[in-house]
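Have a look at the structure below, then the notes.
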């Protein structure tokens, strides 16, 4: 039985993923070497991504209908596909009479080559690339996934402290429900301001739709869970 989904609300994704037409994972074995050792399953099919992003765009357009310009500041690398699709949907809704849409980018390094742990108290975040001339602008910060929340929190804090923005809102595609977060991590995630959220996902390693697992799978049009043991043993 197909799962009935209300795309106007945050969609909670189970360990088994969302129902829908899912490509056969075995097809990857004939194209990419050892892919079957890496991929677990598809948890968010392409159709659900498109429908939810369309609904997010409609919500965003209601909030920005009186503005003349929206600056979509995308957090690299993982959010680049989400941001481009979201920007096009916003334009499709507004049309030529809507606000000007500009893209900019910000890049932060949090984990480096290390593996994150849910119980860790904090992480150092380094901003490597930051947009200029945002003063007086309406900024929509776009993130692919909130895991522990360190990166997004530091970027929000930096933009608010250093740029005299007209407004700052944040749109996140995925938020991970961590199993064993530390006390400080729970407090940090409670402080995060997320104005628009697409999906809440289980505490699994995921990839696809711009998000990578060891730089694998960014190109996939859907979201998958990966076999964590493969990437842990690879290090």
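Tabulated data
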{"read-out": "Protection proxy ranking of 8-20, 45-57 - average other beta-carbon atoms within 10 Å, highest first", "value": "45-57, 8-20"}
{"read-out": "Value at 222 nm in deg cm²/dmol, rounded to 500, when DSSP H runs of n ≥ 4 in the chain each add -39,500 (n - 2.57)", "value": "-8500 deg cm²/dmol"}
{"read-out": "Relative contact order %, the chain, counting alpha carbon pairs below 8 Å whose residues are six or more apart", "value": "23 percent"}
{"read-out": "Antiparallel bridges, percent of DSSP beta bridges restricted to the chain (to nearest 5)", "value": "30 percent"}
{"read-out": "At R0 = 22 Å, FRET efficiency that the Cβ-Cβ distance of residue 6 and residue 92 yields, to 0.05", "value": "0.55"}
{"read-out": "Potential extension, residue 232-residue 184 segment - 0.36 nm per residue separation minus Cα distance", "value": "14.8 nm"}
{"read-out": "By average C-beta atoms within 10 angstrom, highest first, the peptides 192-204, 89-101, 147-159", "value": "147-159, 192-204, 89-101"}
{"read-out": "Simple spin-label estimate for residue 218 and residue 50 in nanometres, 7 Å along Cα-Cβ", "value": "2.4 nm"}
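Only the coordinates and a few stated rules stand behind these numbers; no lab work does. Being a predicted model, the structure only gives us computed values, none of them experimental. Ideal geometry is used to build each Cβ from the backbone, glycine not excepted, and the neighbour counts take in all protein chains shown.
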